[in-house]
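Structure, as structure tokens:
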Amino acid sequence: MSNFFKLVSNELIKTYIQKSTWVMYIILVGIIIGLAALTMSFEETGDKYDQDNWREMLQQENKDLQSEMKEEEFMEGMNTSLIAKNNYYLENDIQPEGYGALQFVMENQLLLSLVSLLTIIVAAGIVANEYRWGTIKLLLIRPISRTKILLSKYISVLLFAFITLLFVLLFSWVVGAIFFGVNGLNPHIVLEKSNGFAYVPVLGEIASGYGYKLINLFMMLHLLHDINYF
Amino acid sequence: MSEAAMELINLEKKIGKNHIIKDLSFTIHKGEVFGLIGPNGAGKTTTIRMMVGLMKPTDGDIHILGNSIKSNFKEAIREVGAIVENPEMYPFMTGWQNLMHYARMTPGITKERIKEVIKLVGLEKPINEKVKKYSLGMRQRLGIAQALLHSPSILILDEPTNGLDPAGIREIRQYIRNLAEKENVAVIISSHLLSEIELMCDKIGVIKNGQLVAIQEVNEPVETEQVKLIEVNLEAEPIEKAASILRNKYEFKPEHKGNILSFETDRKDVPSIIKKLVEQDILIYQVNVTKTKLEDKFFDLIGENIIE
């Protein structure tokens, strides 16, 4: 078993020594910081609902949105859902919480498709490159079966996906904390779900969102690995 | 003869319609350096690929220290260290990282062993540089280091001196001899450089069109056949006088190669011929004897190099 562990660590070492892997992470860092900067400049993120007058603020916001809708028709769809969301806060008498690091992390779920892409790049190269470099011969003349070598590569790709996902999660949180501050341990927000609006904890959303994407990713990798094998 | 390290038993390989290896059988013993020579396309690399399990034989078997490569692959391959074709390594890793990588694949290799091997192949200085900066010779050395890591009983080297400078070739040659003689390792070398094989090997197998044409012990005296003559090259002055003496007294047919006379004679007659020439006031600058009959023999055996 320790032998197999060593094979997997071999594969991970090879992956992370390569410059192309570092470039992937640099791209991720750039995108996350870029997203934070964009969010910062386009959305009013401060603690504007902190005061007791949050109800008036929400109503004022709705009025602004409605007048904007009359001027520019294409804003209609987005603004209607924003108004509906604000109304939900008002109807249920929930004070909206400010935008913080965890909200930013939640929004960065969309980056997971990029993580999938990067993982597929790594997965596609992990066997093919051994042939390209000619090193496959030196792998196969060890007292280790071919199946084991392929399995170790598969596991290491899964680990790569997992590490990258964790990196996106943690780095988003750090960047979010720097840009927007930490806003409570587990803030709640109103989100539009399939059965209307719901008031949900952000952490739960992060867990389920990232979790589903991870399963999706693993499924894709499994398919890719099967193709690789044949 | 000592214990058999590797046995090839009626080995056959067919790829599609091509019959690449035809009924190849031979045995390599422990402590023996075995040279595999043959023209291009003779099946040297195919044979080596089957020896290390990269290709499956169509028929027949290979036994490594008694373990069949077909049914007992792990036990068999554990005793083998090899370079197949070019010494390819991960270009983005340093020499040390490459060796660590292979060390992790076989249990029981210590850092001391890795350092020992690096010292053996003389790569102490560039070991922490990336392999993509290595010259071919340095990569070859790293390849040999990789093959030696787990102290195998059989070392298989495909063109080991390829890309090495003369000093490097000499070192590797001495090292290979040392391995065979002191550590009783069986070494299998493939090459098309006859002189190289002749200097390194105890036994030579000649392959042609997938068949073993001959097995030749290197130190076997070449004179066993009817050819008892050796070729003598003589630089003398005045050259014409020397030539006429040779022609008249010994009935040789000396050939002029510039200011060198070349003729064939029996080895034991050489001193008396020289003495005679000196007595006739001929100045002799150099005498040398070409002993390499292996090359001639090789060409006798393989004939023309026709890839079928």
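The values are calculated or read from the model by the stated rules, or taken from the named source; none is laboratory data. Computed from a predicted structure; not experimentally measured. Cβ placement follows ideal geometry from the backbone for every residue including glycine, while neighbour counts extend to all protein chains displayed. Calculation scope for accessible area: heavy atoms of the full protein, side chains included, ligands and nucleic acids excluded. Shrake-Rupley method; radii C 1.70, N 1.55, O 1.52, S 1.80 Å.
Numerical summary
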{"quantity": "Search result, residues across the range A:153-164 that are among the hydrophobic types (A, V, I, L, M, F, W, C) and open to solvent by 30 Å² or more (accessible area, probe 1.4 Å)", "calculated": "A:I155, A:L158, A:L159, A:F162, A:I163"}
{"quantity": "Residue within the range B:110-122 that is open to solvent by 10 Å² or more (accessible area, probe 1.4 Å), modelled with pLDDT of 90 or more and part of a loop (DSSP other than H, G, I, E, B) present", "calculated": "yes"}
{"quantity": "Residues within the range A:1-35 that are among the β-branched types (V, I, T) and within 14 Å of another protein chain (Cβ to nearest Cβ), tallied", "calculated": "6"}
{"quantity": "Hey, A:L112 open to solvent by less than 20 Å² (accessible area, probe 1.4 Å) and either touching a helix residue (DSSP H, G or I) at 6+ places or on another chain (Cβ under 7 Å) or outside the structural domain of A:H188 (by TED's automatic domain parsing) (or both) or not", "calculated": "yes"}
{"quantity": "From the options A:F179, A:F171, A:F167, A:F197, residue that is more than 30 Å from B:H101 (Cα to Cα), open to solvent by 20 Å² or more (accessible area, probe 1.4 Å), out of contact with any His (no Cβ under 6 Å at 6 or more places or on another chain) and at pLDDT 90 or above", "calculated": "A:F171"}
{"quantity": "Checklist (1) more than 11 Å from every other protein chain (Cβ to nearest Cβ); (2) closer than 23 Å to B:G143 by Cα; (3) open to solvent by 50 Å² or more (accessible area, probe 1.4 Å); (4) touching a Gly at 6+ places or on another chain (Cβ under 8 Å) applied to B:D23, failing item", "calculated": "(2)"}
{"quantity": "Filtered residues of the range B:107-163 (kept if among the polar types (S, T, N, Q) and in contact with a Ser or Thr (Cβ under 9 Å, 6 or more places away or on another chain))", "calculated": "B:N128, B:Q140, B:T161, B:N162"}
{"quantity": "Residues of the range A:162-177 satisfying the condition of being touching a helix residue (DSSP H, G or I) at 6+ places or on another chain (Cβ under 6 Å) and of a type outside the set (G, A, S)", "calculated": "A:T164, A:L165, A:V168, A:F171, A:W173, A:V175"}
{"quantity": "Filter pass, B:M105 being touching a residue at least 12 places away in the same chain (Cβ under 8 Å) and at the interface with another protein chain (Cβ under 8 Å from one of its Cβ atoms)", "calculated": "no"}
{"quantity": "Complete set of residues in the range B:66-82 that are under 22 Å from B:I144 (Cβ atoms), more than 8 Å from chain A (Cβ to nearest Cβ) and not in a loop (DSSP other than H, G, I, E, B)", "calculated": "B:A76, B:G81"}
{"quantity": "Residue check, B:I127 more than 8 Å from chain A (Cβ to nearest Cβ), at pLDDT below 90 and crowded, with 17+ Cβ neighbours inside 10 Å", "calculated": "no"}
{"quantity": "Selected residue (criterion: modelled with the lowest pLDDT) from residues of the range B:233-254 that are charged (D, E, K, R) and assigned to a helix (DSSP H, G or I)", "calculated": "B:K249"}
{"quantity": "Qualifying residue in the range A:131-148 (condition: assigned by TED's automatic domain parsing to the domain that holds A:T39 and under 21 Å from the mean Cα position of the chain (by Cα))", "calculated": "no"}
{"quantity": "Matching option when the condition is touching a Phe, Trp or Tyr at 6+ places or on another chain (Cβ under 8 Å) and in the same structural domain as B:C201 (by TED's automatic domain parsing), among B:I20, B:I37, B:I62", "calculated": "B:I37"}
{"quantity": "Where B:V33 falls short, out of the listed (1) of a type outside the set (K, R); (2) crowded, with 17+ Cβ neighbours inside 10 Å; (3) at the interface with chain A (Cβ under 10 Å from one of its Cβ atoms); (4) touching a strand residue (DSSP E or B) at 6+ places or on another chain (Cβ under 6 Å)", "calculated": "(3)"}
{"quantity": "Residue in the range A:129-152 that is among the small types (G, A, S), open to solvent by less than 50 Å² (accessible area, probe 1.4 Å) and assigned to a helix (DSSP H, G or I) present", "calculated": "yes"}
{"quantity": "Any hit, the range B:6-18, residues being in contact (Cβ under 8 Å) with a residue 60 or more places away in the chain, open to solvent by 20 Å² or more (accessible area, probe 1.4 Å) and not in a strand (DSSP E or B)", "calculated": "no"}
{"quantity": "Complete set of residues in the range B:130-148 that are within 14 Å of another protein chain (Cβ to nearest Cβ), under 20 Å from the mean Cα position of the chain (by Cα) and open to solvent by 10 Å² or more (accessible area, probe 1.4 Å)", "calculated": "B:L136, B:R139"}
{"quantity": "Test: residue in the range A:117-124 that is surrounded by 19 or more Cβ atoms within 10 Å (Cβ to Cβ) and at the interface with another protein chain (Cβ under 10 Å from one of its Cβ atoms)", "calculated": "no"}
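So that you can scan it fast, the table gives a plain yes or no per residue for (1) touching a Leu at 6+ places or on another chain (Cβ under 9 Å); (2) aliphatic (A, V, I, L, M):
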site: B:K44; (1), (2): yes, no
site: B:I48; (1), (2): yes, yes
site: B:S71; (1), (2): no, no
site: B:K74; (1), (2): no, no
site: B:R104; (1), (2): yes, no
site: B:P107; (1), (2): no, no
site: B:V117; (1), (2): yes, yes
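Residue-by-condition table, conditions (1) closer than 16 Å to B:Y102 by Cα; (2) assigned to a helix (DSSP H, G or I); (3) of a type in the set (F, W, Y):
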site	(1), (2), (3)
B:I127	yes, yes, no
B:R139	yes, yes, no
B:I144	yes, yes, no
B:A147	yes, yes, no
B:P152	yes, no, no
B:G163	no, no, no
